[in-house]
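Chemist: One structure, as structure tokens, below. Some questions next.
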Amino acid sequence: MPPANLDSYQRVLDRIATACARSGRNPNEVTIVGVTKGHSKEILSKARALKLTDLGENKVQEAIEKYSDMRVGAIDYSVRLHMIGHLQSNKAKRAVELFDSIDTIDQPDTAQIVDKLANEAGKRLRVLMQVNTSGEPQKSGIEPDRAVELGSCLLNLKNLDFQGFMTIGPLEGDERAVRKSFEDLRKVRDRVSQELKIQTLPVLSMGMSDDFEWAIEEGATEIRLGTILWGPREL
């Protein structure tokens, strides 16, 4: 695998800074989650060269193959590892053991399973609620009008650290449709906070390589970038 392209990465940082300037935000408010799905284990060398603090994987088995050495200290590179794909119940135990954050909790049953497994693992696990703001039936994510229900569940599970919300923009659509899906996630965050009478949760994970600037302008605090950082998938 070729070395990290620092010039390309700097262009990404410049685009983040410009989007923040347009929306009156500080670039330090935005965390890049480097998505390593579809890349070999050597991608970690690129991530380390870019000094990324957060990485994301879609599938538990792929993450096990790529990150197990890191979890036991065989690789000297510390990151926060995010589960950003749909979590299957038969993979939940390994996911809880391996990941530092599960960003795709979308049902109370899933939340309860993860809470029980986190308790057994002796950890308090950061989680995000995935919301299907685009209404596309092929996507995971709870319906926006059920977010308060799930939020109440998450807040009552002692082994979960409920930090915010995640969505995926429309797979097809113009800028207006994509922005609306991001705006709707922000509205979900505000409604959950208001109705459950809690402090506004800090994390809005939204935006990928094709739409991260719009997401930032709509309030994203975490953006999930893969292709724009590493190029096409290898696997």
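Chemist: For residue 198, only one of the following conditions fails: (1) over 23 Å from residue 91 (Cα atoms); (2) modelled with pLDDT under 95. What is its number?
Modeler: Of the numbered conditions (1) over 23 Å from residue 91 (Cα atoms); (2) modelled with pLDDT under 95, the odd one out for residue 198 is (2).
Chemist: A follow-up question, please. Checking the condition in contact with a strand residue (DSSP E or B) (Cβ under 8 Å, 6 or more places away or on another chain), without any contact (Cβ under 8 Å) to a residue 40 or more places away in the chain, closer than 20 Å to residue 205 by Cβ and among the polar types (S, T, N, Q), which residue from 26, 58 passes?
Modeler: Details: 26 fails: in contact with a strand residue (DSSP E or B) (Cβ under 8 Å, 6 or more places away or on another chain).
Criteria check complete, one pass: 58.
Chemist: Yes or no: region 119-132 includes at least one residue that is surrounded by 18 or more Cβ atoms within 10 Å (Cβ to Cβ), free of Cβ contacts under 8 Å to residues at least 40 places away in the same chain, in contact with a helix residue (DSSP H, G or I) (Cβ under 9 Å, 6 or more places away or on another chain) and assigned to a loop (DSSP other than H, G, I, E, B).
Modeler: yes
Residues are listed down the side, and each one gets a yes or a no for (1) in contact with a strand residue (DSSP E or B) (Cβ under 7 Å, 6 or more places away or on another chain); (2) on the phi > 0 side of the Ramachandran plot; (3) assigned to a loop (DSSP other than H, G, I, E, B):
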{"residue": "134", "(1), (2), (3)": "no, no, yes"}
{"residue": "137", "(1), (2), (3)": "no, no, yes"}
{"residue": "140", "(1), (2), (3)": "yes, no, yes"}
{"residue": "148", "(1), (2), (3)": "no, no, no"}
{"residue": "162", "(1), (2), (3)": "yes, no, no"}
{"residue": "169", "(1), (2), (3)": "no, no, yes"}
{"residue": "172", "(1), (2), (3)": "no, no, yes"}
{"residue": "178", "(1), (2), (3)": "no, no, no"}
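Chemist: If you go through region 202-235 one residue at a time, how many are over 16 Å from residue 180 (Cα atoms) and assigned to a loop (DSSP other than H, G, I, E, B)?
Modeler: 9
Chemist: Based on what the data block shows, is residue 181 buried (at least 16 other Cβ atoms within 10 Å of the Cβ), under 25 Å from residue 13 (Cα atoms) and of a type in the set (Gly, Ala, Ser)?
Modeler: yes
Chemist: Quickly run through region 199-213 and pick out the residues that are surrounded by 13 or more Cβ atoms within 10 Å (Cβ to Cβ) and over 15 Å from the mean Cα position of the chain (by Cα).
Modeler: Selection gives 213 alone.
The values are calculated or read from the model by the stated rules, or taken from the named source; none is laboratory data. Computed from a prediction, not measured in an experiment: that's the story for all the values here. For neighbour counting, all protein chains shown are included, and Cβ atoms are generated from backbone atoms with ideal geometry for every residue, glycine included.
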